[in-house]
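Written out below as structure tokens is the structure these notes cover.
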Amino acid sequence: MKTLPITIAGLLILVLGPASPSYGQSPASTVNEESARGASLTDLSLDQLMAIHVKVTSASKKAENLLEAPAAIFTISAEDIRRGGFSSLPEALRLVPGLYVAKVNSHWWTISARGFNDYLNNKMLVLIDGRSVYTPHFGGVFWALEDIPLEDIDRIEVIRGPGGTLWGANAVNGVINIITRHSGDTQGFSVKTSSGTDEGSAASMRYGDRVGDRLSYRVFGKAAYWEPGIDSSGMPAFDSWNMSQGGIRLDFNLSKKDDLTVESGMYEGRLRAEIPSFTGPGAYQTMPADSYIARGGHVLSRWTRRLSEDSSGSLFGYCDWSDGQSGVDDVRNTCKVEFQHDFQIRRRHSFVWGLSLDTNADTLSESFTVRGTPTRLRTTTASIFAQYQLEIVPGRWRFSTGSKFEHNSYTGFEIQPQIRSVWLPGKGHSIWGAVSRAVRTPSRAYNSEEYKFARLPGVVPTYLTAIGNPALEAEVMTAYEFGYRFNPTPIFSLDGTIFYNHYANLINLNLVDPLGVAGPPRIHTNPLYAEVALPWQNLGPGQTHGLELYVKLRPLSRWMLAAGVTELRGNSVNMNDSLNLPVANSTGHQFNVQSRFDIARHVELDASLYHYNGVAGYVFGGIPFQDVPTHNRVDAGVSFGLKGGFTLSLWGHDLGAGHHWENRPPLFTTSGSQVPGQVVALGIMWRPGERPIAP
């Protein structure tokens, strides 16, 4: 395994220092979090519940009450994850209202907010402890590689809507910020294993301890094997996979003012897939069944200093290395360093600003199907952001404005401003609004890569080839949002958002008139074949609008109910107005309902219902593909806290449904598969010395 880049990166970052509480283990999950952190809300009294105010950091890059956050933000707690019976990180994201989560095959997920859900998910930025897992190659997230232990997650903060002002390019339709637990909260020994029929098996082990009064740490390992999905003929598909990973986290309390976190992890797995390719000139496209190795690792560090009661600074950095062999061998090294400073001026004025620099270097292999030009490429992005906040009426009305100024190697200089305001008319009420601009920059595949995706019939073999376009401009989205929250007591809360998004310069291939766009075919000799070169283009505008609603109710002290509803409408138009398309691969209506009931002190009964309207799939330039029918998903499980620190869980996933499609891959990409349905899963966790049923 190529560990040298990771070792060097670790030494560099340890010298640099690094980061901010808003990126990773924020010390403020809640007010009074020392007593509430990691505890089940059902274990707290009504007075304790009243004292808790959920804090978030993703909306403003500093801790603030969720009720007062001027953004459509939702938090998945460690308790939500534990009681959901989820087998993977994407499964847990089904809880978020307004987030569309669907499986393409056994190891590929599509996850998006507010439309434009596709195979690549290129408009959602995903972070784990501040480390971006958005790949610069194709623009998106390969979720199979992010198979972190769910029990190590403190919370997941999900912003639906733009976050470019604070988080930078590609935070267009949303930000998913996964924050793992402080090592001081994961002390002792823990073992977890689970297995599901037609689903797979996983096992993880964790140990945490302290060294003196100022250092805590944890180490972990996880191994998983996932069964294949079901192909269109009802047989097992060729998409099973396995993944092994391990890591360590250290948290240092250097002084009364300084905290330092160092984290490192590595993974390696084998994934089976059918990826379309051409064996050589003259061949038609085939879907060869093959398996490939994916491996990688990262080192991350964050240093935070409290300069005064009203000011703090932080330095954050990481290096990430990966080697994937899915159709094209992609060896990649990414490093980033960021500084942030926030301070208050008198009582009503506060300011946060920061600088960042990241660099990405890759090496792509070549084949007849895929070719990078050049095969080796290094890109750099530098940025500065600033945000000012004014308390117009202290405790009642707050206004903020700011922007990120960013320069990248593909489109040059980009600006992402925003204006936000929140009004608190009374106890438990908040009304907020925002106008924002965010951009999605072209990825390596769109800028400098060639990909043959179809052969035309004829005597001379002729191929349609998508070619990178260095002249591409960034996609631009302007968002208008309005939200209302009502949380009068711990037993009831309501959160609603309406939005309108306008998109410009949407990137796609124009297949309405491919020969007219491409011009004369490129002729190759020895052997003889032709190519119709189709450049990626900024084809035109689009728009989405919709409603997101979430209600939470606790009718009894031991029973919680929650429900989310999402309505989405929109379309996109290509540059010659020949097509008016619905928002591709996105459901127009979805809802979910969760029930959490404590039968007895150490017995829990949980259930969830998810409904998704049918999805009309569209591919390059609007060529329609197979639709996905309306489907429902029901999960239900029971958990028992046993003596000796054991917790036993029995779950049924997708009950009442046979194998069915959740989403389909676009043409010319990879094979999809159906989810099996009617899965029965058994899970066992052992934490000696701890009370059962606790996160």
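The values are calculated or read from the model by the stated rules, or taken from the named source; none is laboratory data. Here the structure is a predicted model, which is why all the values come from computation and not from measurement. Backbone-built Cβ (ideal geometry, glycine too); neighbour counts: all protein chains shown.
Exactly one residue out of D185, D152 is out of contact with any strand residue (DSSP E or B) (no Cβ under 6 Å at 6 or more places or on another chain) and charged (D, E, K, R), and it is D185. More than 18 Å from N65 (Cα to Cα), of a type in the set (S, T, Y) and crowded, with 22+ Cβ neighbours inside 10 Å: does that describe Y480? In short, no. Residue-level analysis places S365 among those that are under 19 Å from F138 (Cα atoms), of a type in the set (G, A, S) and without any contact (Cβ under 8 Å) to a residue 60 or more places away in the chain. Within segment 324-352, if we keep just the residues that are among the acidic types (D, E) and at pLDDT below 90, the residue that is surrounded by the fewest Cβ atoms within 10 Å (Cβ to Cβ) turns out to be D329. Evaluated against (1) touching a residue at least 60 places away in the same chain (Cβ under 8 Å); (2) in contact with a Ser or Thr (Cβ under 9 Å, 6 or more places away or on another chain), F339 falls short on exactly one condition, (1). Selection within segment 621-642: residues that are of a type in the set (A, V, I, L, M, F, W, C) and at pLDDT below 85. The member of this set that is surrounded by the most Cβ atoms within 10 Å (Cβ to Cβ) is V628. Looking across segment 76-93 at every residue that is assigned to a helix (DSSP H, G or I), in contact with a Gly (Cβ under 9 Å, 6 or more places away or on another chain) and of a type in the set (A, V, I, L, M, F, W, C), the one that is surrounded by the most Cβ atoms within 10 Å (Cβ to Cβ) is identified as A78.
Test L390 against the criterion of being closer than 30 Å to G426 by Cβ and either in contact (Cβ under 8 Å) with a residue 40 or more places away in the chain or outside any loop (DSSP other than H, G, I, E, B) (or both), and give yes or no. Here the answer is yes, as L390 does meet what is asked. Looking only at segment 148-168, residues that are surrounded by fewer than 24 Cβ atoms within 10 Å (Cβ to Cβ) and in a loop (DSSP other than H, G, I, E, B) come to 2 in all.
In segment 530-549, of all residues being within 30 Å of Y484 (Cβ to Cβ) and out of contact with any Phe, Trp or Tyr (no Cβ under 7 Å at 6 or more places or on another chain), the one that is modelled with the lowest pLDDT corresponds to T544.
Scanning segment 347-374 for residues being part of a strand (DSSP E or B), among the β-branched types (V, I, T), touching a Lys or Arg at 6+ places or on another chain (Cβ under 7 Å) and farther than 24 Å from K404 by Cα gives a total of 1. Do you know which of the residues in segment 353-370 that are surrounded by 19 or more Cβ atoms within 10 Å (Cβ to Cβ) and closer than 17 Å to A445 by Cβ is farthest from the chain's Cα centre (by Cα)? Among residues in segment 353-370 that are surrounded by 19 or more Cβ atoms within 10 Å (Cβ to Cβ) and closer than 17 Å to A445 by Cβ, the one farthest from the chain's Cα centre (by Cα) is T369.
Note on segment 395-503: enclosed strands (runs of 3 or more DSSP E) holding 2 or more residues that are without any contact (Cβ under 8 Å) to a residue 60 or more places away in the chain, under 23 Å from L120 (Cα atoms) and under 26 Å from the mean Cα position of the chain (by Cα) are 475-489. The residues on offer are R305, R270, and the sole one that is more than 26 Å from L456 (Cβ to Cβ), of a type in the set (K, R), at pLDDT 95 or above and surrounded by fewer than 19 Cβ atoms within 10 Å (Cβ to Cβ) is R305.
The condition (being modelled with pLDDT of 95 or more, of a type outside the set (D, E, K, R) and crowded, with 18+ Cβ neighbours inside 10 Å) is satisfied by just one residue among Y610, Y618: Y610. For segment 656-695, the candidate set comprises residues that are out of contact with any Asp or Glu (no Cβ under 7 Å at 6 or more places or on another chain) and at pLDDT 90 or above; within that set, the residue that is surrounded by the most Cβ atoms within 10 Å (Cβ to Cβ) is M685.
Residue count for segment 228-257 satisfying the condition of being in a strand (DSSP E or B), under 27 Å from L145 (Cβ atoms) and more than 26 Å from the chain's Cα centre (by Cα): 1.
Only one entry of D323, D342 meets the criterion of being closer than 29 Å to Q245 by Cα, within 28 Å of the chain's Cα centre (by Cα) and among the acidic types (D, E), and that entry is D323. Condition (residue is at pLDDT below 95 and exposed (fewer than 15 other Cβ atoms within 10 Å of the Cβ)) applied to segment 221-232: is it met by at least one residue? Looking for residues that are at pLDDT below 95 and exposed (fewer than 15 other Cβ atoms within 10 Å of the Cβ), one finds at least one in segment 221-232, hence yes. Would you say D310 is of a type in the set (D, E), in contact with a strand residue (DSSP E or B) (Cβ under 7 Å, 6 or more places away or on another chain) and surrounded by fewer than 19 Cβ atoms within 10 Å (Cβ to Cβ)? Spelling it out, D310 is indeed of a type in the set (D, E), in contact with a strand residue (DSSP E or B) (Cβ under 7 Å, 6 or more places away or on another chain) and surrounded by fewer than 19 Cβ atoms within 10 Å (Cβ to Cβ). For segment 179-227, residues that are outside any strand (DSSP E or B) and over 28 Å from K103 (Cβ atoms) total 9.
Conditions tested, residue by residue: (1) of a type in the set (G, A, S); (2) in a strand (DSSP E or B); (3) touching a helix residue (DSSP H, G or I) at 6+ places or on another chain (Cβ under 9 Å); (4) modelled with pLDDT under 95.
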position	(1), (2), (3), (4)
L49	no, no, yes, yes
A59	yes, no, yes, yes
F74	no, yes, yes, no
Y100	no, yes, no, yes
S112	yes, yes, no, yes
N117	no, no, no, yes
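When restricted to residues that are polar (S, T, N, Q) and modelled with pLDDT under 90, segment 492-529 contains 4. Taking every residue in segment 513-526 that is more than 20 Å from G282 (Cβ to Cβ) and pairing it with any residue that is surrounded by 15 or more Cβ atoms within 10 Å (Cβ to Cβ) and modelled with pLDDT under 55, at least 6 positions away or on another chain, the pairs with Cβ-Cβ distances below 9 Å are P514/G621.
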